[in-house]
1. Using alpha carbon coordinates only, what is the Rg to Rh ratio of the range 232-362, with Rh defined as the Kirkwood radius?
2. For the range 367-447, run through the chymotrypsin sites (Phe, Trp or Tyr not before Pro) and keep only the ones in DSSP coil with at most 13 other Cβ atoms within 10 Å of their Cβ.
3. What ranking, highest mean first, results for peptides 156-165, 136-145 when packing means the other Cβ atoms within 10 Å averaged over each residue?
4. Sort Asp32, Asp74, Asp345 by Cβ crowding within 10 Å, fewest neighbours at the top.
5. Over all directions, how big on average is the projection of the convex hull of the alpha-carbon atoms in the range 2-76, in square nanometres?
6. Largest first and in whole Å, what are the equivalent-ellipsoid semi-axes of the chain based on the Cα gyration tensor, each being the root of 5 times an eigenvalue?
7. So for each of 16-22, 324-330 I average, over its residues, the number of other beta carbons within 10 Å; can you give me the resulting order with the highest mean first?
8. For the range 114-199, compute Rg over Rh where Rg is the Cα radius of gyration and Rh is the Kirkwood radius from the inverse mean 1/r over Cα pairs.
Amino acid sequence: MPMFSRYNHFLPWQNGSWLAYNARSGAVALMDKKQYAAFGDLSQKMIEGKMDNLTQAERELLLQLQYGFFVHVDDFSELDWLNFEHLRARYAETVLALAVAPTLACNMACTYCFEGDKRGRMSTTVAQDLIEFIKKRSQRIRLLDVTWYGGEPLLALDIIKEFTSKVIDLSSQCGFQYVSMMITNGYLLSADVVDRLVELKCTGVQVTLDGPPQMHDKRRPLKNGLGTFRTIIQNLKYASAKMAVSIRVNIDKSSSIEMIRQLLAELKVANLESRIGINYAMVEASTAACAGIADSCYGSIDFAKVEAEYYSLLLSEGFFIGKLPVPNNSYCIAQQINSFVVDPDGDLYRCFAYVGDKSKSMGKISDDINYQHPEFTRLFRFDPFVDEACRACSILPLCMGSCPAKRVDRQVSRELICSSWKYNLEPMLKIIALSRLQQMQQVAVAAKEEV
Ligand code: SF4
Ligand code: SF4
């Protein structure tokens, strides 16, 4: 007997139609009035156990619902399957994911930065140790996925270049694929640098803009106090023609809809609206270095509210909505056995927020990995499947229990742990669906004009 998924979300759409979303598959379907009525009839038959009595249309609908995981057979436990997939992702060794900080130095002095005033730059010896670290694992991996971050990674472009040329040779010798992207503040991302990054197989950048010029420059100035907004926008015009560019906008209680409106207007003047993705991120006091900003940070419920408002503004201003409720088998690198953060000295960590804090290092890249090291096990062991609230949660496949460091190290309240999807899935689904419809209409208009 088929059963409904516990991860279904149905919401009313336009003219009597309904939007159906399943968090385990990520499938979204639009049911018109007639299909929704057929769905009602089918549901009734399922509840009453009259499955021998289905019409041809109901049979077809049932197949589609099974395909999108909206319905499953009754002896199947979705929770057990999710747990199985979670364990598989935890122990997968075919992908080696490294977040590498070639330097901890930065040219900016952001008011909320979790890294404090750290320094340090990777030596050629450590870069070579990193190549050896990869070489040791090269027979088992199919993919090496490197995220460059820092500090500001572009202050160490020479190290990135040296590492990349060796890693590309290694990937062709050993037959694994190499991909990379960079988290940069964007100030040094000139046209020359973009061209070099593309040569170095870096196919995307994430750059932070914290509002219109006056606000961004106040929050993200250079070390000497000068503003950075105009240079970054100039850089993004070229970068967005050559690589994927995603903009992160940090949101705290000082952010406002007016500020977002002004930022979008600036991006439109620079013709960037169809060439970049925008993501809003909740500013959090994640380490002692930024404990002073805790009062200005939102909790998840309030953040979810403003997040939906700000995405709605993106939609009305003609920007593409890139954020999607996509299922994840694990929340982050802290729970993946083959993912590490590497600092310029070759120390390994389980969490982005701890890079450079030697008390949180789980060892060196030049040594064998100690999987019993407390700095490995502490975050790795966190298991969302023993948390009753997560087991019962209808968005568990999207969230997977959230950030292990928040749970284990910071022991923050449930309200700060839960993903914003928990509080704004419905309005966000509507915004995303409208965005896709808008896109389809634009494609149809463009195709007509071509004819
Ligand atoms: S443990 Fe939390 S802060 Fe650390 S990398 Fe994972 S999600 Fe980020
Ligand atoms: S942390 Fe919260 S939102 Fe995430 S799965 Fe658990 S209960 Fe759900």
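1. With Rg and the Kirkwood Rh in hand, the quotient comes to 1.01.
2. Here the chymotrypsin sites (Phe, Trp or Tyr not before Pro) that fit, given the DSSP loop and packing criteria, are Tyr371.
3. 156-165, 136-145
4. Final ranking by Cβ density, sparse to dense: Asp74, Asp32, Asp345.
5. 4.7 nm²
6. Semi-axes, largest first: 39, 28, 22 Å.
7. So the peptides 16-22, 324-330, ranked by packing, come out 16-22, 324-330.
8. 0.98
Read-outs throughout are calculated quantities, based only on the coordinates presented, and are distinct from any laboratory measurement. The shown structure was predicted, so the numbers you read here are calculated from the model rather than taken from an experiment. All Cβ positions, even for glycine, are placed from backbone atoms using ideal geometry, and neighbour counts span all protein chains on display.
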